[in-house]
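Engineer: One structure, as structure tokens, below. Some questions next.
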Protein chains: 2
Amino acid sequence: MSNFRVAVHIVPRRGILDPQGTAVAHALQTLGFSGVADVKVGRHIVIDVAAPDRGAADRSAREMCEKLLANPVTEDFEIATVEPA
Amino acid sequence: MSNFRVAVHIVPRRGILDPQGTAVAHALQTLGFSGVADVKVGRHIVIDVAAPDRGAADRSAREMCEKLLANPVTEDFEIATVEPA
């Protein structure tokens with residue numbers, strides 16, 4: 001078993017309303033960042049996990065997203081990186 | 001002006017308590033993911049912004065983090081990617 005650090009991104013699914021992102025976009029525009037067109041706010045989750053190899057760490061993180069971390073109705077996830085820790 | 005999509009990661013600063021991460025780690029262990037050692041929960045923010053070039057988009061996102069997105073006392077941020085949109 002080796003230790004891996006897996007980074008996961010969980011984002012609002014396309015077409016699902018993201019009120020937090022809209023609020024942040026408006027706040028940025030009010031602060032003078034006039035170039036801001038759109039903001040999406042998701043979660044960046046970093047998991048330290050022991051697994052036999054990189055592929056197993058990736059599969060394990062995917063299963064964690066499906067079972068607990070992401071809401072399958074409103075959110076999409078992607079495994080951003082899997083690195084030896 | 002071109003359009004850029006900037007992804008920003010905002011994470012609890014090292015040494016700062018991350019109760020949400022601890023709760024997620026325990027929940028994963030309870031679900032049978034016994035290899036999970038530690039979890040950190042941060043934010044993954046994707047900003048669509050108009051800027052003259054990639055460097056300006058990066059600098060603008062950095063300023064947004066300093067002024068609004070990240071809490072300078074408890075959080076660190078990094079500009080993960082800057083891509084033409």
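Engineer: Tell me, which residue of segment B:13-24 that is out of contact with any strand residue (DSSP E or B) (no Cβ under 6 Å at 6 or more places or on another chain) and outside any loop (DSSP other than H, G, I, E, B) is farthest from the other protein chains (Cβ to nearest Cβ)?
Structural biologist: B:Pro19
Engineer: Has segment B:2-12 got at least one residue that is touching a residue at least 24 places away in the same chain (Cβ under 8 Å) and of a type in the set (S, T, N, Q)?
Structural biologist: There is at least one residue in segment B:2-12 that is touching a residue at least 24 places away in the same chain (Cβ under 8 Å) and of a type in the set (S, T, N, Q).
Engineer: Restricting attention to segment A:25-53, which residues are more than 7 Å from chain B (Cβ to nearest Cβ) and either surrounded by fewer than 16 Cβ atoms within 10 Å (Cβ to Cβ) or touching a Leu at 6+ places or on another chain (Cβ under 9 Å) (or both)?
Structural biologist: Result: A:His26, A:Gln29, A:Thr30, A:Gly32, A:Ser34, A:Pro52, A:Asp53.
Engineer: Here is a follow-up. List pairs: first in segment B:66-85 and touching a residue at least 40 places away in the same chain (Cβ under 8 Å), second polar (S, T, N, Q), Cβ under 8 Å, 6+ apart or cross-chain?
Structural biologist: Pairs that qualify, where the first residue is touching a residue at least 40 places away in the same chain (Cβ under 8 Å) and the partner is polar (S, T, N, Q), are B:Pro84/B:Ser2; B:Pro84/B:Asn3; B:Ala85/B:Asn3.
Engineer: Something else now. I'd like the full set of residues that are without any contact (Cβ under 8 Å) to a residue 40 or more places away in the chain and part of a loop (DSSP other than H, G, I, E, B), limited to segment A:25-55.
Structural biologist: Matches in segment A:25-55: A:Leu31, A:Gly32, A:Phe33, A:Ser34, A:Gly35.
Engineer: Could we say that B:Arg62 is of a type in the set (D, E, K, R) and either under 13 Å from the mean Cα position of the chain (by Cα) or modelled with pLDDT under 95 (or both) here?
Structural biologist: yes
Engineer: Now, a different point. Does any residue of segment B:66-85 turn out to be at pLDDT below 95, of a type in the set (A, V, I, L, M), in contact with a Phe, Trp or Tyr (Cβ under 8 Å, 6 or more places away or on another chain) and not in a strand (DSSP E or B)?
Structural biologist: yes
Engineer: Output the number of the condition that B:Ala7 fails; it satisfies all remaining conditions of (1) outside any strand (DSSP E or B); (2) surrounded by 14 or more Cβ atoms within 10 Å (Cβ to Cβ).
Structural biologist: For B:Ala7, the exception is condition (1).
Engineer: Turning to a different aspect of this structure: When segment A:59-85 is examined, which residues are found to be more than 9 Å from chain B (Cβ to nearest Cβ), within 27 Å of B:Ile47 (Cα to Cα), surrounded by fewer than 20 Cβ atoms within 10 Å (Cβ to Cβ) and not β-branched (Val, Ile, Thr)?
Structural biologist: A:Arg62, A:Glu66, A:Asn71, A:Pro72, A:Glu75, A:Asp76, A:Glu78, A:Glu83 - these are the residues of segment A:59-85 that are more than 9 Å from chain B (Cβ to nearest Cβ), within 27 Å of B:Ile47 (Cα to Cα), surrounded by fewer than 20 Cβ atoms within 10 Å (Cβ to Cβ) and not β-branched (Val, Ile, Thr).
The values are calculated or read from the model by the stated rules, or taken from the named source; none is laboratory data. As the structure is a prediction and not an experimental result, all values here were calculated from the model. Reconstructed Cβ throughout: ideal geometry from the backbone, glycine too, with neighbour counts over all protein chains shown.
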